[in-house]
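Undergrad: One structure is given below, represented as structure tokens, and several questions about it will come after.
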Amino acid sequence: MLKRHIPTFHAQNVYEIDLNKLVDLHIKYVFCDLDNTLDSYRQKTPSPRAVELVKKLKELGIELIVVSNNTGPRVEKYASKLGVTYFSRIGKPFPRKLNKIILEKGYSKDEIIIIGDQVVTDISFANKAGIKNILCEKLVKEDQPTTHFNRLFDRPLRRSLRKKNLLKEF
């Protein structure tokens, strides 16, 4: 088990996260994966619970930003309907593009948390960038065809994380 695979926190899903804990951590930006974290990859527009999440975060002074490896048009359509900033083809698990965005936008890594459903992409991405993160379980059983390959590595990593008690609940 590599350190880059160990999440800072774990939650059942993004909708069950205690948002007040984000405030306690002085989080101002939630960089959230889209597919199987916010909604199913088949969901073209935001679900009511995604809309409600953004509303609650804004009330707490926290901005949700969608970060996805998916294509621009898919992410743009979803994020624009949600009314949030987005970055597509972000290149997870490699943080080069993320670090460039953080520098250009003047974000502080201490004020960011990354939320995603995959150890190999989302958690490695966050850890390589030195950013706190929350690993969630996937929202729906179905994955994109390209994600099936990642799950071959993800499943044994999750088993190992559980066995070693490395999933700290948020």
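The values are calculated or read from the model by the stated rules, or taken from the named source; none is laboratory data. The structure displayed is predicted, hence computed values, not measured ones. With ideal geometry, Cβ positions are generated from the backbone for all residues, glycine too; neighbour counts draw on all protein chains shown.
Undergrad: Would you check which residues across region 52-94 are under 16 Å from the mean Cα position of the chain (by Cα) and acidic (Asp, Glu) and list them?
TA: Glu63
Undergrad: Okay, next question. For region 13-39, what are the residues that are part of a loop (DSSP other than H, G, I, E, B) and either farther than 11 Å from Asp117 by Cβ or of a type in the set (Lys, Arg) (or both)?
TA: Within region 13-39, Ile17, Asp18, Leu25, His26, Ile27, Lys28 qualify.
Undergrad: Considering only region 104-123, how many residues are more than 11 Å from the chain's Cα centre (by Cα) and hydroxyl-bearing (Ser, Thr, Tyr)?
TA: 2
Undergrad: Only one of (1) β-branched (Val, Ile, Thr); (2) surrounded by 13 or more Cβ atoms within 10 Å (Cβ to Cβ); (3) touching a Lys or Arg at 6+ places or on another chain (Cβ under 7 Å) fails for Val84. Which number is that?
TA: The one condition Val84 does not meet is (3).
Undergrad: If you don't mind, there's one more thing I want to ask. Loosely packed, with under 14 Cβ neighbours inside 10 Å, out of contact with any His (no Cβ under 6 Å at 6 or more places or on another chain), under 24 Å from Lys168 (Cβ atoms) and among the polar types (S, T, N, Q): does that describe Gln12?
TA: yes
Undergrad: Go through region 121-155 and give me each residue that's at pLDDT below 95 and closer than 20 Å to Lys3 by Cβ. Please lay out each step first, then the result.
TA: The first filter runs over region 121-155 and keeps only residues at pLDDT below 95, leaving 121, 137-155.
Across region 121-155, the qualifying residues are Thr121, Asn150, Phe153, Asp154, Arg155.
Undergrad: Right, Gly91: assigned to a loop (DSSP other than H, G, I, E, B), over 19 Å from Leu22 (Cβ atoms) and out of contact with any Gly (no Cβ under 9 Å at 6 or more places or on another chain) or not?
TA: yes
Undergrad: Is it fair to say Ala79 is in contact with a helix residue (DSSP H, G or I) (Cβ under 8 Å, 6 or more places away or on another chain) and small (Gly, Ala, Ser)?
TA: Spelling it out, it is not the case that Ala79 is in contact with a helix residue (DSSP H, G or I) (Cβ under 8 Å, 6 or more places away or on another chain) and small (Gly, Ala, Ser).
Undergrad: Looking at region 15-37, which of the residues that are out of contact with any strand residue (DSSP E or B) (no Cβ under 6 Å at 6 or more places or on another chain) and closer than 16 Å to Val75 by Cβ is surrounded by the fewest Cβ atoms within 10 Å (Cβ to Cβ)?
TA: As a first pass, look at region 15-37 and keep what is out of contact with any strand residue (DSSP E or B) (no Cβ under 6 Å at 6 or more places or on another chain): 15-16, 18-26, 28, 35-36.
With closer than 16 Å to Val75 by Cβ added as a condition, the list becomes 35-36.
Details: Asp35: 26, Asn36: 23.
That would be Asn36.
Undergrad: State which residue is farthest from Asn13 (Cα to Cα) when the search covers only region 153-170 and only residues that are part of a loop (DSSP other than H, G, I, E, B) and touching a residue at least 40 places away in the same chain (Cβ under 8 Å).
TA: Looking at the filtered set, the residue picked out is Lys164.
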